[in-house]
Amino acid sequence: MANEDISKLKIDKSEAIARPRKRRKLLRLAIAAFLIIVLGVLFLAGVFAPAVQVEVATVSQVYPSQAFTLLYASGYVVAQRKAAVASKITSRLVSLSVEEGDRVKKGQVIARLEGEDVKAARDQAAANLNVARSNLDQARAELTDSKLLFDRDKELSGKGYIARAEFDDAEARYKKAVAGFAAAESSIKASAAALKNADVQLEYTLIRAPFDAVVLTKDADVGDIVTPLGAAANAKASVVTIADMNSLQVEVDVSESNIENVRKGQPCEIELDALPETRFPGVVHMVVPTADRSKATVLVKVKFDYLDSRILPEMSARVAFLQRETTPEERKPRTAVGRSSVITRNGKTTVFLIKDNRAIETPVKLGAEIGDMREVIEGLKAGDKVAVRPLDKLRNGVKIKVAEK
């Protein structure tokens, strides 16, 4: 009996083994269902969809004046008063008192040339003038003495108190004194002219600024031989190049076919490559009355309404010729996007902002029309990339590929 009871105490393992297997099967089914759901969500989000090829545009800052611009032309900032300052004599440069960027006044000494020989010649001319003045004083005294003698002998001769020959000697002496005095006066003029010439030659050793200007380049150094012609080996024709910064204008080439749209006094806007964030108001100063046959263009000079210290000669410039003058409000830049980038869905105005190779549907608030663009008040900033086409194939978050141009 005891053995039979013990045999009945065996554990049934089949049910215990079946439970873990059932649990593992349910876990696998749950994981599979979760993966299916995740894959479905990713598919609906376009993760597995092929990238849509789109054309992209950049949100930019524009000016309202673009809406009434007749034409554009490119050119450079040019100083209308510019000079390569040189010497009128050939000599060695011994002093240069300016550098690039220095402002100089009219008559200011820019440089000095070696001039010991010229100074010596000037001293000699001054000494000669002093000698001539002494000779003049001597001739004046001789003239006074001879005139007194002549007048006295003339009176005595009339009364018969002296011989005629003695009177003739007095008269000849007087005439000789008159001639000597005249010669002394001429010698004074000649000596004074020689001294003035020497002063001029000495002045040529000083190189002065011909007008108020800014030094653009330094063309010679101390020790260089400076000559007016510059033909000699290692000789320099100019010492510095200067420009009047108040005479800066923009010179542009306008096609002959468009020159009828340009007139003197026409309002313009000037944009410099070096200062892209600023537009300078200007006016057509001159339409040069000749054409360039090789380029089929006419030179137009545009004057700035006001000059900025950042504007420098030879800067690249782009000029917009306007139909009318701009108002102060129209001179302010505005953020704008092309019309073709804007769509309306569910009553909302949106664009597809390109970010991390995806198209993000972004609501925007638009303002006035500026040519073929619309002002953006809210939602975008200058520099953002937006999709242009095909907008009908895009949805929020879809992967995109930028079309190559």
Only one residue in Q266, Q249 is in the same structural domain as F304 (by TED's automatic domain parsing) and under 19 Å from K82 (Cβ atoms). Which one?
Q249
Quick one: what pairs do we get from region 142-165, first residue closer than 20 Å to V178 by Cα, second hydroxyl-bearing (S, T, Y), C-beta under 7 Å, 6+ apart or different chains?
S146/Y174; K147/Y174; F150/Y174
Residue within region 50-69 that is exposed (fewer than 14 other Cβ atoms within 10 Å of the Cβ) and out of contact with any Lys or Arg (no Cβ under 9 Å at 6 or more places or on another chain) present:
no
Any chance G367 is in contact (Cβ under 8 Å) with a residue 60 or more places away in the chain, touching a strand residue (DSSP E or B) at 6+ places or on another chain (Cβ under 9 Å) and either within 20 Å of P64 (Cβ to Cβ) or of a type in the set (S, T, Y) (or both)
no
Which residues, taken from region 247-297, are over 17 Å from A320 (Cβ atoms), among the aliphatic types (A, V, I, L, M) and more than 19 Å from the chain's Cα centre (by Cα)?
M286, V288, A291, A296
Residue ranges of strands (runs of 3 or more DSSP E) in region 330-405 with at least 1 members closer than 22 Å to V62 by Cα, modelled with pLDDT of 80 or more and charged (D, E, K, R):
334-338, 365-370, 373-378, 385-389
Going through region 55-105 in order, the residues found to be within 30 Å of V214 (Cα to Cα) and among the polar types (S, T, N, Q) are S74, Q80, S87, T90, S91, S95, S97
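Yes/no per residue for (1) at pLDDT 90 or above; (2) in a helix (DSSP H, G or I); (3) not basic (K, R):
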residue: D123; (1), (2), (3): yes, yes, yes
residue: L129; (1), (2), (3): yes, yes, yes
residue: A132; (1), (2), (3): yes, yes, yes
residue: D137; (1), (2), (3): yes, yes, yes
residue: A141; (1), (2), (3): yes, yes, yes
residue: K147; (1), (2), (3): no, yes, no
residue: L156; (1), (2), (3): no, yes, yes
residue: I162; (1), (2), (3): no, no, yes
residue: E166; (1), (2), (3): no, yes, yes
Determine which member of the set V214, V222 is over 30 Å from N135 (Cβ atoms), not in a loop (DSSP other than H, G, I, E, B) and not assigned by TED's automatic domain parsing to the domain that holds D137.
V214
Of the conditions (1) free of Cβ contacts under 8 Å to residues at least 60 places away in the same chain; (2) exposed (fewer than 15 other Cβ atoms within 10 Å of the Cβ), D199 fails just one. Which one is it?
(1)
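For every residue, the table says whether it meets (1) assigned by TED's automatic domain parsing to the domain that holds V262; (2) of a type in the set (V, I, T); (3) farther than 12 Å from I270 by Cα; (4) modelled with pLDDT of 90 or more.
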| site | (1), (2), (3), (4) |
| --- | --- |
| P289 | yes, no, yes, yes |
| S294 | yes, no, yes, yes |
| V298 | yes, yes, yes, yes |
| K301 | yes, no, no, yes |
| F304 | yes, no, no, yes |
| I311 | yes, yes, no, yes |
| E314 | yes, no, yes, yes |
| R318 | yes, no, no, yes |
| L322 | yes, no, no, yes |
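The values are calculated or read from the model by the stated rules, or taken from the named source; none is laboratory data. Since we're looking at a predicted model, the values are computed, not measured. Note that we place each Cβ from the backbone using ideal geometry, even for glycine, and neighbour counts take in every protein chain shown.
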